[in-house]
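Asks: The structure follows.
The values are calculated or read from the model by the stated rules, or taken from the named source; none is laboratory data. The structure displayed is predicted, hence computed values, not measured ones. Cβ placement follows ideal geometry from the backbone for every residue including glycine, while neighbour counts extend to all protein chains displayed.
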């Protein structure tokens with residue numbers, strides 16, 4: 001063994017060279033293969049890794065001991081993180097990791113409360129970034145616990161619905177070094193909280209107040225933040241023109257502004273912001289105006305450095321696009337979804353904005369092949385193109401794109417009735433494609449999928465929703481060509497049988513699968529899938545009525561990584577459901593509606609078996625009075641959100 005060529009080569013590779021090789025690996029699966037090769041490669045990975053995502057907290061102390069450079073910890077997919085788990089972790093590993101952890105993701109850790117958060121804040125003295133988004137049970141007490149992290153620079157409170165001005169005040173006073181704060185959907189925060197924030201957190205560079213019930217008074221205080229570079233205020237329906245005038249006169253460092261869905265604003269208010277900030281790099285103003293005002297368009301002349309412009313939902317004239325083309329030459333991305341643009345306008349736009357890398361033309365149904373030809377010819381570096389519901393496009397458009405836009409990585413052709421197999425043959429020349437959406441394209445068949453699978457080997461995300469002519473042969477082609485596929489949707493593809501599922505079982509990277517209403521799939525097909533696709537984390541088999549318990553038993557045994565399931569309308573029994581809910585130790589989200597073969601007692605037993613892990617569950621509303629009060633209270637106490645359908 002020592003004298004083999006491979007061993008000799010490894011001896012010649014220094015640690016620096018191995019680190020360089022490791023740094024060039026493009027994705028997680030490649031890095032995992034690297035570290036699994038030998039002890040030398042594993043050691044190189046351990047030296048370089050700074051971030052880990054933990055599924056089971058009991059393994060964390062030993063992992064942190066083996067990975068000495070880890071300073072970023074993601075516990076968001078850990079189903080059993082609560083105060084007692086935190087206490088165990090701190091006692092077991094405190095000397096090792098509390099001194100070096102800087103980033104902590106606790107999103108959806110709904111079982112955590114004040115004591116656990118306070119312990120983390122006090123012991124992890126170097127914490128710079130914390131994410132507690134979607135912890136809807138958190139109140140001001142938990143916010144007070146976080147305020148103990150005096151070194152905090154980034155904090156995500158998205159959808160912490162019960163944190164109010166009092167909690168925000170605690171954070172503002174205790175964390176004066178904050179540079180990034182997201183308060184999206186924190187409905188109890190008002191102008192009072194924003195005022196105190198502006199006074200205490202002078203270092204803020206990024207603030208998100210989207211969907212808050214704040215008024216223009218908040219923007220008056222925000223305008224005094226001299227270091228603020230990014231302001232997101234989507235859906236702030238109480239803000240009027242005066243608020244934007246404040247922003248126009250203040251925030252001297254502003255680079256990114258998002259006022260989408262702020263429907264009380266006029267064109268003059270937006271113009272005042274542009275006048276005051278001619279160095280804006282991104283401007284997002286979707287669904288603000290029925291038609292993009294020409295006064296704003298003319299003002300865009302001042303934004304010579306603008307790179308991203310979002311104006312979805314506003315009618316945009318050809319003249320407006322011409323002005324944008326002539327003056328915003330640095331644009332790399334423009335979003336014009338539902339803007340009713342025409343061929344002439346798009347041709348004017350791309351004639352000047354030749355550096356576009358992302359273009360969203362969703363629901364621009366008047367566009368024809370001529371517009372796509374001009375886009376493909378002018379924007380050769382295009383990476384992302386969204387053409388959903390552009391029904392006048394034919395295979396000619398895909399020919400242009402396949403021939404000229406060879407760097408294309410993402411394309412959305414959902415509900416484009418002109419897409420057919422020949423078009424996919426042309427498009428398959430885009431060998432860099434990673435995301436392809438073909439939902440509701442009823443004119444494509446297995447032949448078209450064969451072309452894609454033969455040439456687009458990097459595809460990770462594929463949507464075939466209601467592509468009724470796709471069957472087992474198409475899935476066979478995918479299984480041979482698209483080995484990196486991670487997300488697949490083929491709901492309502494009624495021709496698919498258990499044979500197709502056997503083909504899919506060879507896709508080892510598959511993690512997200514939606515396959516609703518497939519009458520020809522049985523327990524045998526699901527068993528094959530579970531046996532081969534061990535990385536499945538999300539599975540939707542809603543209304544696959546011919547899958548029996550044998551398929552679900554296989555899931556319970558093999559698919560231990562499942563975190564989200566939808567079994568609604570399936571033929572699973574009491575025993576099958578209890579087996580699945582009890583064995584899937586990482587399960588957090590379950591949709592269990594219309595299970596006709598499951599009794600109330602069977603459902604209750606299944607919920608008891610998984611109540612320590614569940615964060616969301618969907619049940620029939622009629623069961624609310626049939627299930628015991630004890631199980632409902634237990635679920636809610638543990639932070640599980642019950643949706644009664």
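Asks: So, residue 364, is that one within 29 Å of the chain's Cα centre (by Cα), under 19 Å from residue 409 (Cα atoms), surrounded by 21 or more Cβ atoms within 10 Å (Cβ to Cβ) and assigned by the TED database to the domain that holds residue 433 or not?
Replies: On the way: within 29 Å of the chain's Cα centre (by Cα): yes; under 19 Å from residue 409 (Cα atoms): no; surrounded by 21 or more Cβ atoms within 10 Å (Cβ to Cβ): yes; assigned by the TED database to the domain that holds residue 433: yes.
Taking the combined requirement at face value, the residue does not satisfy it.
Asks: Filter segment 399-414 down to the residues that are under 27 Å from the mean Cα position of the chain (by Cα) and surrounded by 21 or more Cβ atoms within 10 Å (Cβ to Cβ), then identify the one that is nearest to residue 383 (Cα to Cα).
Replies: Step one: list which residues in segment 399-414 are under 27 Å from the mean Cα position of the chain (by Cα), which gives 401, 405-414.
Of the ones still in play, those that are also surrounded by 21 or more Cβ atoms within 10 Å (Cβ to Cβ) are 401, 405, 408, 411-413.
On the way: 401: 11, 405: 8, 408: 4, 411: 8, 412: 12, 413: 15 Å.
Looking at residues that are under 27 Å from the mean Cα position of the chain (by Cα) and surrounded by 21 or more Cβ atoms within 10 Å (Cβ to Cβ), I get 408.
Asks: Still on this model: Out of all the residues in segment 124-140, is one or more over 25 Å from the mean Cα position of the chain (by Cα), at pLDDT 95 or above and not in a loop (DSSP other than H, G, I, E, B)?
Replies: Checking segment 124-140: at least one residue is over 25 Å from the mean Cα position of the chain (by Cα), at pLDDT 95 or above and not in a loop (DSSP other than H, G, I, E, B).
Asks: Among the residues of segment 455-497, what is the count of those that are farther than 23 Å from residue 440 by Cβ and either assigned to a loop (DSSP other than H, G, I, E, B) or not assigned by the TED database to the domain that holds residue 421 (or both)?
Replies: Count: 4.
Asks: A further question on this structure: Could you tell me how many of the residues in segment 377-411 are assigned to a helix (DSSP H, G or I) and either at pLDDT below 95 or under 17 Å from residue 350 (Cα atoms) (or both)? Step through it out loud before you land on a result.
Replies: Looking only at segment 377-411, we keep the residues that are assigned to a helix (DSSP H, G or I), and these are 377-378, 395-404.
Adding the requirement that they be either at pLDDT below 95 or under 17 Å from residue 350 (Cα atoms) (or both) leaves 377-378, 397, 400-401, 404.
Of the residues in segment 377-411, 6 are assigned to a helix (DSSP H, G or I) and either at pLDDT below 95 or under 17 Å from residue 350 (Cα atoms) (or both).
Asks: A follow-up question, please. How many of the residues making up segment 535-547 are surrounded by fewer than 18 Cβ atoms within 10 Å (Cβ to Cβ) and either closer than 18 Å to residue 475 by Cβ or at pLDDT below 95 (or both)?
Replies: Summing the residues that are surrounded by fewer than 18 Cβ atoms within 10 Å (Cβ to Cβ) and either closer than 18 Å to residue 475 by Cβ or at pLDDT below 95 (or both) in segment 535-547 gives 2.
Asks: Please verify whether residue 155 is assigned to a strand (DSSP E or B) and either at pLDDT 95 or above or farther than 19 Å from residue 73 by Cα (or both), treating the condition exactly as stated.
Replies: Working: assigned to a strand (DSSP E or B): yes; either at pLDDT 95 or above or farther than 19 Å from residue 73 by Cα (or both): yes.
So residue 155 fits the description; yes.
Asks: How many of the residues in segment 159-191 are in contact with a helix residue (DSSP H, G or I) (Cβ under 7 Å, 6 or more places away or on another chain), outside any loop (DSSP other than H, G, I, E, B) and either within 19 Å of residue 235 (Cα to Cα) or in contact (Cβ under 8 Å) with a residue 60 or more places away in the chain (or both)? Spell out the reasoning first.
Replies: Initial filter on segment 159-191 (in contact with a helix residue (DSSP H, G or I) (Cβ under 7 Å, 6 or more places away or on another chain)): 163-173, 176, 189-191.
Among the residues that remain, those that are also outside any loop (DSSP other than H, G, I, E, B) are: 165-173, 191.
When the remaining residues are screened for being either within 19 Å of residue 235 (Cα to Cα) or in contact (Cβ under 8 Å) with a residue 60 or more places away in the chain (or both), the result is 191.
Looking only at that region, the number is 1.
Asks: Can you tell me which of 267, 314 is closer than 30 Å to residue 191 by Cα, free of Cβ contacts under 8 Å to residues at least 40 places away in the same chain and over 30 Å from the mean Cα position of the chain (by Cα)?
Replies: Details: 314 fails: over 30 Å from the mean Cα position of the chain (by Cα).
Selected residue: 267, the only one of 267, 314 that is closer than 30 Å to residue 191 by Cα, free of Cβ contacts under 8 Å to residues at least 40 places away in the same chain and over 30 Å from the mean Cα position of the chain (by Cα).
Asks: So which residues in segment 335-361 are crowded, with 21+ Cβ neighbours inside 10 Å, farther than 17 Å from residue 382 by Cβ and touching a strand residue (DSSP E or B) at 6+ places or on another chain (Cβ under 8 Å), if there are any at all?
Replies: Listed by number, the list holds a single entry, 339.
Asks: Which of the helices (runs of 4 or more DSSP H) found entirely inside segment 535-618 contain at least 2 residues meeting this: under 17 Å from residue 512 (Cα atoms)?
Replies: Answer list for segment 535-618: 549-558.
Asks: Here's something else I'd like to know. Within segment 424-448, take every residue that is farther than 17 Å from residue 409 by Cα and buried (at least 22 other Cβ atoms within 10 Å of the Cβ) and give me the one that is nearest to the chain's Cα centre (by Cα). Break it down into steps so the answer makes sense when it comes.
Replies: Taking segment 424-448 as the starting set, the residues that turn out to be farther than 17 Å from residue 409 by Cα are 439-448.
Add one more test, that the residue is buried (at least 22 other Cβ atoms within 10 Å of the Cβ), and what stays is 441, 444, 448.
Working: 441: 24, 444: 28, 448: 28 Å.
Among them, the one singled out is 441.
Asks: If only one of 442, 414 is part of a loop (DSSP other than H, G, I, E, B) and in contact with a strand residue (DSSP E or B) (Cβ under 6 Å, 6 or more places away or on another chain), which one is it?
Replies: Testing whether each residue is part of a loop (DSSP other than H, G, I, E, B) and in contact with a strand residue (DSSP E or B) (Cβ under 6 Å, 6 or more places away or on another chain) leaves just 414.
Asks: Ok, one more. What is the residue count in segment 202-233 for residues that are in contact with a strand residue (DSSP E or B) (Cβ under 8 Å, 6 or more places away or on another chain), farther than 21 Å from residue 164 by Cβ and part of a loop (DSSP other than H, G, I, E, B)?
Replies: Residues of segment 202-233 that are in contact with a strand residue (DSSP E or B) (Cβ under 8 Å, 6 or more places away or on another chain), as a first pass: 204-210, 222, 225, 228-233.
If we keep only those that are farther than 21 Å from residue 164 by Cβ as well, we get 205-206, 225, 228-231.
Checking which are part of a loop (DSSP other than H, G, I, E, B) leaves us with 205, 225, 228-229.
Selection size over segment 202-233: 4.
Asks: Looking at 84, 76, which is the one that is in a loop (DSSP other than H, G, I, E, B) and closer than 28 Å to residue 564 by Cβ?
Replies: Working: 84 fails: in a loop (DSSP other than H, G, I, E, B).
The match here is 76.
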